[in-house]
Amino acid sequence: MDNGKHGPQPQGPVGGWGSLRGMALVALHDHASPGALQTLSEQNIPGGYMCGSCAWGKPAKPHVFEFCENGAKSTLWELTRDRCTPAFFEQHTLAELRQWQDYDLEIQGRLTEPLRYDPASDRYLRCSWDEAFTGIAAELKQLDPKSVVFYASGKASLETSYLYGLFARMYGHNNLPDSSNMCHETTSVGLKKVIGSPVGTCTLEDFEHCDAIFYFGQNPGTNSPRFLHPLQEAVKRGCKIVVFNPVREQGLVRFIDPQNPAQMLTGHTTELAHQYLQVRPGGDIAALMGLCKHVLAVDDARRAEGSAGVLDRDFIDQHTHDFEAFAARARAADWSTIEQASGLARAELEAAAEVYLAAERVIGLYGMGLTQHVHGSQSVAMLVNLLLMRGNIGRPGAGVSPVRGHSNVQGQRTVGITEKPELVPLDRLRQLFDFEPPREQGMTTVEVCKGVCEGTVRAFVSLGGNFVRAIPDRDVMEPAWAGQALTVYIATKLNRSHLVHGRASYLLPCLARPEQDLQAGAAQSVSMEDSFSHIYGSIGRRKPASEHLRSELAIVAGLAKATLPPHPKWQWDAWVGDYGRVRDLIEQTWPEMFGDYNGRMFQPGGFYRGNPAHERVWKTDSGKAQFTTPTVLSALGVGDAPGRFHLITMRSNDQFNTTIYGFSDRLRGLEGARTILLINPADMQRQGLREGQLVDLLGDADDGATRVVAGLTVTPFNLPDGCVGGYYPEMNALVPLWYHDQASKTPASKGVPVRIRAHADAQPA
Ligand SMILES: Nc1nc2c(c(=O)[nH]1)N[C@H]1C(S)=C(S)[C@@H](COP(=O)(O)OP(=O)(O)OC[C@H]3O[C@@H](n4cnc5c(=O)[nH]c(N)nc54)[C@H](O)[C@@H]3O)O[C@H]1N2
Ligand SMILES: Nc1nc2c(c(=O)[nH]1)N[C@H]1C(S)=C(S)[C@@H](COP(=O)(O)OP(=O)(O)OC[C@H]3O[C@@H](n4cnc5c(=O)[nH]c(N)nc54)[C@H](O)[C@@H]3O)O[C@H]1N2
Ligand SMILES: [Mo]
């Protein structure tokens with residue numbers, strides 16, 4: 001589908017001068033502290049610190065500057081010279097701060113001292129670390145552990161995460177949701193079911209050997225810019241990239257390499273996508289069904305002629321289960337239904353399927369465009385179906401590759417931050433630490449939200465993140481949040497969640513990753529895992545933003561020590577004194593993955609912790625890779641209706657999740673505002689809307705609830721019919737809490753039913 005070019009035009013190819021300009025802008029505006037730019041040269045280099053932005057792999061032979069515009073932004077944002085001190089909180093009540101924009105909260109700078117909420121003055125007041133730990137422990141000891149939640153945003157190191165999970169279980173619960181519950185939980189649950197592994201099977205090296213990449217709903221130009229290097233190299237080798245995305249994202253259309261001066265000077269660009277298919281939101285199951293149907297049709301025809309066919313029959317026979325049922329469904333699928341559900345023409349899908357057939361090695365890659373749907377798990381399973389047909393999993397240059405979000409989100413799950421106790425070797429923990437770990441299921445993010453509304457969740461401890469801003473149904477959740485007995489936020493900067501607090505509340509400031517972490521006089525290192533199951537060490541060398549800061553690991557251990565009874569095997573102080581001892585514990589818990597952990601963590605390119613599916617060992621129920629017959633052709637949870645639009649909530653180029661750096665979405669040619677509604681000109685006309693007009697978006701989920709985001713500026717944009725776009729997190733009030741992936745409960749933020757209403761005090765632009 002091509003709606004033609006209209007609306008604002010993107011400014012310049014991704015990665016070129018524009019991105020250098022973007023960085024300079026941030027350095028200026030963000031008041032970077034002296035030497036901050038120099039610190040960037042250590043980013044993602046073996047022996048340096050690992051960028052806290054995305055989870056893309058760090059190559060063994062890094063580029064001169066192995067960082068990108070957005071990684072640089074994320075680092076400079078932390079290395080600001082601005083400070084949000086106790087004096088700031090003396091001047092502002094929380095009621096007042098709740099009226100501020102999120103952006104204005106974070107630009108106050110780094111938090112410097114532990115703070116305790118004082119109900120009498122409605123302010124956060126300075127307190128000592130001891131006071132904070134003792135106060136929090138006193139609250140926790142009074143509560144039923146099952147009513148307490150330990151959330152983690154996927155950034156904290158493997159060492160900290162391990163101790164956090166351990167603390168939760170020693171205290172008595174498995175309520176360990178993490179940001180993954182809003183993100184790639186669809187992968188953790190969906191992929192696990194079909195290939196027996198909760199993570200992708202590819203490594204960085206596979207991108208050097210693939211012949212085609214089938215690329216679904218991931219935006220590398222903004223969210224994993226270092227991926228643009230291997231993508232460009234792949235295209236130069238002749239690899240074909242077929243993109244499925246409702247939005248024409250510039251990072252996938254063309255690219256200039258900022259590290260290639262010749263290209264910078266001549267402005268030559270590489271065309272990236274071989275085919276760019278603007279699928280409808282949630283149309284991926286149908287699109288994939290079309291691809292599979294064509295592959296089967298070609299195979300049937302070839303075999304009818306007596307030739308060998310195009311499927312990898314040996315692989316299918318030996319390694320997979322339920323192929324025939326799936327194939328029957330695909331053969332029976334009706335092209336007009338496929339076209340309608342996907343918004344794509346049969347000819348386009350057949351052409352894409354021919355690319356698949358011509359490629360010996362194929363990678364199926366995806367991001368939030370697949371995972372954040374009501375039937376997201378089925379979309380993931382359909383992508384795996386396509387790959388399995390020609391044995392494209394578990395051999396070089398091929399595989400399934402979910403691109404993870406936060407820099408250690410995959411790793412946090414690996415070392416035990418999970419609400420699913422069956423994924424953790426609890427017996428080994430019992431042996432190692434001499435306690436009885438709880439066995440019952442913990443709460444997912446969605447269940448936590450329900451529990452807060454129903455009053456069964458009494459306390460929320462947050463290791464990073466901005467939970468209240470990231471979750472669905474925010475207008476319901478924020479008032480409910482205050483009903484809790486205790487909230488604890490471990491953070492680098494002030495955000496909205498910290499203002500939405502329980503009866504008792506503490507704000508605990510921590511070191512950022514580029515900062516030096518000294519314990520008992522010795523510099524400590526930490527480690528994290530990328531999207532390719534590789535583990536890297538990271539050492540910070542910057543002077544900390546404040547002398548009062550503690551490391552995340554020291555804070556978690558401090559909380560645990562104050563809360564739990566003493567035990568000879570629970571050596572919190574010793575673990576804080578030497579993080580290498582925590583790595584030894586991780587190794588003892590998972591010897592098969594973490595052998596010689598301390599010895600290998602600074603290996604260039606990271607060390608591989610392994611993945612059975614990569615070796616074609618399938619840890620599924622059937623012992624084989626599973627073909628899945630989908631029950632639906634659209635991943636949307638609510639169908640079409642007159643006046644209904646499907647809203648995709650998007651990230652701009654100037655944000656990291658709920659952290660808004662600025663108001664430029666340069667790669668989409670959108671500047672200056674975030675309260676906008678993107679809609680295509682044909683739909684504008686049908687709705688009688690003018691560019692610049694103010695409108696409200698109303699939830700249209702037919703559940704009786706009123707959901708409104710008011711005062712959005714109508715902005716023409718190239719999108720499929722019936723689809724509108726708006727920014728996350730501003731749109732989160734429109735996502736119903738119950739509207740989530742059916743298998744994993746990941747909120748379905750990419751296909752939210754809405755309708756458009758003229759704004760009450762609308763002013764013509
Ligand atoms: N700079 C920066 N980097 C980041 C982040 C950030 O906010 N800023 N966030 C980090 C995190 S936590 C994550 S999870 C990742 C997120 O990175 P991505 O996975 O790229 O997530 P999104 O940008 O939310 O959406 C991805 C794409 O899905 C497309 N899309 C929407 N609906 C559909 C659909 O139905 N089908 C298909 N095929 N495509 C669809 C959108 O147009 C968009 O291009 O990035 C990480 N990296
Ligand atoms: N509608 C809609 N909703 C979404 C999404 C969407 O696409 N659409 N995406 C979802 C996704 S993929 C995700 S991952 C979640 C994100 O949800 P979260 O991970 O909870 O949110 P973030 O915005 O990443 O958290 C930012 C905050 O983390 C703190 N912080 C930053 N660095 C550090 C650090 O090093 N240590 C500590 N302790 N704190 C730190 C800062 O205080 C900062 O304000 O949102 C989800 N929500
Ligand atoms: Mo994410």
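Using the Karplus curve 6.51 cos²θ - 1.76 cosθ + 1.60 with θ = phi - 60°, what ³J(HN,Hα) values do you get for each residue of region 370-378, in whole Hz, with x for Gly and Pro?
With the stated coefficients, region 370-378 comes to 9, 6, 8, 9, 4, 10, x, 4, 6 Hz.
Could you pull out every residue, at least 5 positions away or on a different chain, whose amide H is within less than 5 Å of the one on ASP700? Hs are placed 1.01 Å off N in the peptide plane, and Pro or chain starts have none.
Under 5 Å from the amide H of ASP700 lie the amide H atoms of VAL754, ARG755, each far enough along the sequence or on another chain.
Starting from the Cα of HIS274, step 7 Å toward the Cβ, then list every residue of region 346-384 with an amide N under 12 Å from that point.
Label zone hits: 351-363.
So how many Å³ per residue does the convex hull of the Cα atoms of the chain work out to?
On the way: hull volume 115.5 nm³, N = 765.
About 151 Å³ per residue, rounded to a whole number.
For GLU90 and LYS141 in one chain, what is 0.36 nm times their gap in residues minus the Cα-Cα distance, to one decimal in nm?
Values: separation 51, 0.36 × 51 = 18.36 nm, distance 2.98 nm.
Stretched out fully, the GLU90 to LYS141 stretch lengthens by 15.4 nm.
Ordering ARG666, ARG395 from largest to smallest accessible area (1.4 angstrom probe), what's the sequence?
Numbers: ARG666 20, ARG395 65 Å².
Output order, biggest surface exposure first: ARG395, ARG666.
On a 1.4 Å probe surface of the protein chains, which of LEU158, LEU518 comes out largest in accessible area, and what is the full order? Before the final figure, lay out the partial values.
Details: LEU158 0, LEU518 90 Å².
The ranking, largest first, comes out as LEU518, LEU158.
For ARG600 and ALA60, what is the calculated FRET efficiency with R₀ set at 22 Å and r taken between the beta-carbons, to the nearest 0.05? Mind showing how you got there, number by number?
Working: r = 13 Å, r/R0 = 0.58.
That pair, ARG600 with ALA60, gives E of 0.95.
Please calculate how many Å² of accessible area region 468-604 carries per residue, with a 1.4 Å probe and no DNA, RNA or ligand atoms counted.
On the way: 4590 Å² over 137 residues.
Spelled out: the 1.4 Å probe surface of region 468-604, per residue, equals 34 Å².
Give me the angle, in degrees from 0 to 90, between the Cα long axis of helix 17-29 and the longest principal axis of the Cα atoms of the chain, rounded to the nearest 10.
Tilt relative to the chain: about 20 degrees.
Would you list ARG126, ARG280 from the most to the least accessible area, probe 1.4 Å?
These residues rank, largest area first, as ARG126, ARG280.
Please give every one of the aspartates and glutamates within straight-line cross-link reach of LYS146, meaning a C-alpha to C-alpha distance under 19 Å, and leave out same-chain neighbours fewer than 8 residues apart.
ASP178, GLU419, GLU422, GLU436, GLU440, GLU447, GLU454
Would you mind getting the accessible area per residue of region 289-412, heavy atoms of the protein chains only, 1.4 Å probe, in Å²? Mind showing how you got there, number by number?
Values: 3830 Å² over 124 residues.
Here the residues of region 289-412 average 31 Å² of exposed surface.
Taking a probe of 1.4 Å, how large is the accessible area per residue of region 665-765, in Å²? Mind showing how you got there, number by number?
Values: 3660 Å² over 101 residues.
Averaged over the residues of region 665-765, the accessible area is 36 Å².
By DSSP, what percent of the beta bridges with both residues in region 645-758 are antiparallel, rounded to the nearest 5? Intermediate values should be presented prior to the final figure.
Details: 18 of 27 bridges.
Restricted to region 645-758, the bridges split so that about 65 percent are antiparallel.
On a 0 to 90° scale, report how tilted helix 552-563 is relative to the longest principal axis of the chain, with both axes built from alpha carbons and the result rounded to the nearest 10.
60 degrees
Distance in nm between label sites at GLN318 and ALA523, each 7 Å beyond Cα in the beta-carbon direction?
For GLN318 paired with ALA523, the spin-label model returns 4.9 nm.
Which parts of region 549-564 would a label at SER128 reach, counting a residue when its backbone N lies under 20 Å from a point 7 Å out along Cα-to-Cβ?
Of the residues in region 549-564, 549-551, 554-564 have backbone N under 20 Å from the label point off SER128.
So how strong a dipole does the chain carry about its Cα centre when Lys and Arg Cβ are +1 and Asp and Glu Cβ are -1, to the nearest 20 debye?
For the chain, the charge dipole is close to 420 debye.
Divide by every residue of the chain the summed helix terms, -39500 (n - 2.57) for each DSSP H run of at least 4, and state the resulting mean residue ellipticity at 222 nm, rounded to the nearest 500 deg cm²/dmol. Present the calculation step by step, with values, prior to reporting the outcome.
Working: 32 runs with 266 residues, N = 765.
Result for the chain, helices only: -9500 deg cm²/dmol.
Within the accessible area of region 515-649, what % is carbon and sulfur when the probe is 1.4 Å and the other protein chains stay in place? Kindly include the intermediate steps, with their values, before the conclusion.
On the way: 2830 of 5460 Å².
Roughly 52 percent of what the probe reaches on region 515-649 is carbon or sulfur.
Reachable aspartates and glutamates from LYS750, Cα under 13 Å, same-chain residues fewer than 8 places away excluded?
Of all the aspartates and glutamates, those that pass the test against LYS750 - Cα under 13 Å, at least 8 places apart if same chain - are ASP284, ASP741.
Given H placed 1.01 Å from N in the peptide plane, which residues other than close sequence neighbours of VAL310 have an amide H under 5 Å from its amide H?
Counting only residues 5 or more places away or on other chains, the set is ASP299.
Within region 705-734, what residues put their amide N at less than 11 Å from the label point 7 Å along the Cα-to-Cβ vector of GLU691?
Those under the cut-off are 715-717.
Of LYS58/LYS155; LYS58/LYS192; LYS155/LYS493, which pairs sit farther than 18 Å apart, going by alpha carbon to alpha carbon? Walk me through the numbers before you get to the answer.
On the way: LYS58/LYS155 16 Å; LYS58/LYS192 25 Å; LYS155/LYS493 14 Å.
Beyond 18 Å between Cα atoms: LYS58/LYS192.
Apply the Karplus curve 6.51 cos²θ - 1.76 cosθ + 1.60, θ = phi - 60°, to the phi angles in region 297-305 and return the couplings in whole Hz, x for Gly and Pro.
4, 5, 4, 4, 5, 4, 5, 5, 7
Note down the relative contact order for region 645-758 as a percent, whole number, built from C-alpha pairs under 8 angstrom at least six residues apart.
Relative contact order of region 645-758: 38 percent.
Using the basic label-point model (7 angstrom from Cα toward the beta carbon), what is the ALA641 to ALA673 distance in nanometres?
The modelled label-to-label distance comes out at 2.9 nm.
Sequence gap at least 6, Cα distance under 8 Å: using those rules, report the relative contact order of region 595-666 to the nearest whole percent.
11 percent.
Grab the beta carbon distance between GLU422 and GLN571, set R0 = 45 Å, and tell me the FRET efficiency rounded to 0.05. Intermediate results must be reported in sequence, preceding the final value.
On the way: r = 28 Å, r/R0 = 0.61.
Calculated value: 0.95.
Please state the relative contact order of the chain as a whole percent: Cα pairs under 8 Å, 6+ residues apart? It would help to have the intermediate numbers written out before the result.
Numbers: 1732 pairs, mean separation 167.9, N = 765.
It rounds to 22 percent for the chain.
The values are calculated or read from the model by the stated rules, or taken from the named source; none is laboratory data. Note that the structure is predicted; figures quoted are calculated from it, not measured. Note that each Cβ is placed from the backbone with ideal geometry, even for glycine, and that neighbours are counted across all protein chains shown. Heads up: the accessible areas ignore ligands, DNA and RNA and are worked out on the full protein's heavy atoms, side chains in. Shrake-Rupley method; radii C 1.70, N 1.55, O 1.52, S 1.80 Å.
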